[in-house]
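Beneath this line is the structure, given in structure tokens, with notes to follow.
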Amino acid sequence: MSKNHIGSIVNGFQILDFERIRQPKGYYYQYYLVKCPRCQNEKWMLRSAVDCPTVRSCGCKNKDYFRRTSDIRGKTFGSLTAHYPTGEGGNYGKELWHCTCECGNTIKVTPNKLNWGWVKHCGCKSIGESGVKFVSRKNKKWQASPVIKGKSVYLGVFEKLEDAAEACEKYMSELSIDK
């Protein structure tokens, strides 16, 4: 295919223009300016993508797929209950949902993380290998980070587990929040 295919239709794409672009290593890429059969937008695409029989859109179909959000309103995932979409974007274009934990904290999380079981609580039940709530092992030391209203608060890294646990207890008591 080349310039003589301008105006023709290949796999649903209408070819509007053709261009060869030389790459730094000396080889050429061939591009077509095409009109997408799905969204009718014009876009430059590699000739190999246009020629491929499995490619059916300029990428607009994939964008719609990733933006699509399942309705999880009222469903419970571990200790979290999903309430409503926030309108904010999360990873992979999925929309964040406002969720409430059994402890009363709220967090924003994507439906994927809930459905796949990656997030089951706001962090209130985070007991790692230390056996102490909000204390985790970091490079042979202990990190204290309690979770308040769905947000992790970094208190520092300590040599001893007891010091990290004490820092968490002191911080929580200052806020008059029971563990």
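Each value in this text was obtained by applying a stated rule to the coordinates, not by laboratory testing. This structure is a prediction, so every number in the text was calculated from the model and none was measured. Heads up, the Cβs are rebuilt from the backbone with ideal geometry, glycines too, and the neighbour counts pull from every protein chain shown.
From zero up to wherever the largest Cα-Cα distance of region 69-115 sits, split into 10 Å bins and tell me the percent of pairs in each.
Calculated over all Cα pairs of region 69-115, the distribution is 32, 58, 10 percent.
Going by a ≥ b ≥ c, the root eigenvalues of the Cα gyration tensor, does region 135-174 fall in the rounded group (a/c under 1.5), the prolate group (a/b larger than b/c) or the oblate group? Walk me through the numbers on the way to the answer.
Details: a/c = 2.96, a/b = 1.45, b/c = 2.04.
It comes out oblate by the Cα gyration axes.
If you take every residue apart from Lys113 with its C-beta less than 15 Å away from the C-beta of Lys113, what net charge results, scoring Lys and Arg +1 and Asp and Glu -1?
+2
If each residue's Cβ is checked for other Cβ atoms within 10 Å, how do Ile9, Ile148 rank with the fewest at the top?
Ile9, Ile148
With +1 assigned to the C-beta of every Lys and Arg and -1 to the C-beta of every Asp and Glu, and no other charges, what is the dipole magnitude of region 135-174 about the Cα centre in debye, to the nearest 20?
Taking the Cα centre of region 135-174 as origin, the dipole is about 300 debye.
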